[in-house]
1. Once you place label points 7 Å from the Cα toward the Cβ at A83 and Q491, how far apart are they in nm?
2. Taking 8 Å as the Cα distance limit and 6 or more residues as the minimum spacing, I'd like the relative contact order of region 528-590 as a percentage.
3. Estimate the FRET efficiency between I689 and Q614 by the formula 1/(1 + (r/R0)^6), using the beta-carbon distance for r and 30 Å for R0, to the nearest 0.05.
4. (i) 26.3; (ii) 33.2; (iii) 28.8: which one is Kirkwood radius over Cα pairs in Å as calculated from this entry?
5. Could you tell me which of rounded, prolate or oblate describes region 349-447, using a ≥ b ≥ c as the square roots of the eigenvalues of the alpha-carbon gyration tensor, with rounded for a/c under 1.5 and, failing that, prolate when a/b is larger than b/c and oblate otherwise?
6. In region 351-395, whose amide N lies under 17 Å from the spot 7 Å out along Cα-to-Cβ of K426? List them in ranges.
7. Return the sequence-ordered ³J(HN,Hα) values of region 342-349 in whole Hz as given by the Karplus equation 6.51 cos²θ - 1.76 cosθ + 1.60 applied to θ = phi - 60°, using x for Gly and Pro.
8. Once you treat every alpha carbon in region 467-540 as an equal point and sum by Debye, what is log10 I(q)/I(0) at q = 0.16, 0.25 Å⁻¹?
Amino acid sequence: MAVLSSIRSKGKLIAICVGGALLAFVLGDFISSGATIFGASQTKMGDINGTTIDYQQFQLQVESKEAYMKSLYNQSALNGNMADEIRDQVWQQAVMENTILKNANDQGLIVTDDEVAHLIQTGYVTNVIRQIATDPQTGMYNPQVVNDFIVQGSNNSQYRFLWQNMEDELRQSRQFNKYLSMVNAGLYVTTAEVEREFAQRTQLSDIKYVAIPYSEIKDEEVSVSDDKLKAFYNDNIKRYVSSTETRDLSYVVFDVIPTDKDSAEALKIANSIKSGLETATAAEVESYINSKSDVPYTPYHYGKGELSNPTVDEMMFAQEPGYVYGPYVDGAYYNVARLISKEMLADSVEASHLLLLVNNPADSLKVKAKADSLLGVYNSGIDFGALAAQFSDDQGSAADSGKLGWITERTNFIPEFKNACFATEKGKTTIVKTAYGYHIIKVTGKTAPKQKVSVGIASVDIRPSNQTRQAAYALASEFAGRNRTRQQFEQAVTEQKLTARIAPGITSNTSQIPGISNSREIIRDAFNDEKSKEVSGVYEMGDMFIVAVLTGVHPKGTQSLASVKNEVTRLATNDAKGDAILNKLGSVSSVDEAANKMGKEVKDATSIHLDMNQIPGIGFEPKVIAAAAALQQGQVSAPIKGETGVYVIQNTSFTPAQAIQPINITTDKRMLENDLKNRASYQVYQSIIEQANIDDRRVKFY
């Protein structure tokens, strides 16, 4: 089971890599007609290029993958985010199988068993396989580890299940790359394209310019008619094409805020804790706080000024150990602070270590004897770094002679190790046992000691009572009950002087509304055509109750002018502001004249060329870039209506494009072709997905 333990030890890194490993294995039979005893329409979760995805079958595959992930990482449960990611991965795999991989199969692009064996042998494998087959000491990939893993699978169902998923992922990755290679084989860059790109990159212009931002004109100073809005919308229609349906929500939050009575109850508990802290011994403080406090004990020593509350900081250094201060308010808590001790301590310690792992408790004494022996070798005059490099099981620090750098109390090391570092004098060594094994520690540096205090802080959450929560719910429930239409909702918001928050552009697969955790239920109801007809009921989201109403539906495709009116109005208003600025400028013959007319500063920008996206100091202004490239030295542009303002520019230095050399043609062509093919790996997938007929109804079920 050593390999499986190795995988588990990688944690999140492998989790990300495994990502879709199970998908191909478990999805083999889940594509079905969707017909069940309940009727296809009730369990149909979507359609991908004519293939129906049935909810019940889909859920079985999700549950199978969840069980796989739990087993792989020895977890009893998955958090909400991981569960959401798994469902999304299963869906994306279904999309992949019915689009790109189907195209690949139609083209005869398959992956044979011999290819799989060759990929394993040569190391062209997935990240997951590479992780388990890489020697941690040498960093080298060893195909024999994979072969051993496969052999183990013949007698071990867990290994067999794991390898089947890894192999499927490898096959699909190879098949996808084959498809891309076929596409890339038809991509090339001509010499004319290389020459044009080289000319664009090497023709340089320096300019001086004046900028008049649109923001200097108030919106009310310009007039934008309905006809102008319509004309602007039609001229820019491509901006307003959406690949998915979106919806807009308006919602009101009724916060559950602790009352004075709730605060008094928390204060009563804090005073009770204070009594216990006053009678506890120094050794009992940590366990007492952990048993009573809503925030765990923090085992830090604080220097002067490091305690967040200035009064507490002052009192802890003025009093003697045993002193208790509080209760006092700190955010949403009543705190009580107990001074445990005062000591002269260093802020940080520089250390190196040599770790000997204890993999089997029965070997502990043997490993300890080896640690003692190595310490004796060091004391005889052998270099510590050389010993660490040769014998330490911590390969990360061993590569740097065992050096760990500077450590503070807040460094994320286990307490026993940190305590030993701080307790050891500079230049001395010590041995300490931790959960990992035995560490030989050498302290190579220490900051000067200064007075520090050990303070135990117990915190009592000032939380709302059930009565307070019920009162907030009653307000929200009354609001939702009295206002069932959007018009009533908006009128009540105005009359009651409430704040209506906006959640625009929500898609059916949006995981949560910004600022509202676990808000998937609100999103699902927004896409439920029956529930979204009227104001919602009351949603309970942590310490808030929410009432929402649907305010806009924007179907997939070209958005109507009404649905994008706010954005069109903003852009058309800027356009009108640009016209107003042009009228103020009138005819100008130089940048300086324009600056004087508008009371603006003349600025410089250098090395502008057509291959750049942004101008330093200006930003994204493609029209300014184009104008700068078109001007000869000394020429002044007409006023330019840009993205954020009106510009007048003058070319102060013009460098013609260089003549391209044969070596540039060769190297630049290779560079451009590589860039083209790299973009193709993403754009081919996106293009196929955009052209696919995908009906995603997951929002009905999740």
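A short reminder: the numbers here are calculations on the coordinates, not readings from a lab. Given the structure is predicted, the values throughout are model-derived calculations rather than measurements. All Cβ positions, even for glycine, are placed from backbone atoms using ideal geometry, and neighbour counts span all protein chains on display.
1. Each label point is offset 7 Å from its Cα along the Cβ direction, giving 4.1 nm.
2. 18 percent
3. The calculated FRET efficiency here is 0.55.
4. (ii)
5. Oblate shape, in that a/c is at least 1.5 and b/c is the bigger or equal ratio.
6. 351-352
7. In residue order, the calculated couplings are 10, 9, 8, 9, 7, 6, 8, 10 Hz.
8. The Debye formula, applied to the Cα set alone, gives -0.67, -1.36.
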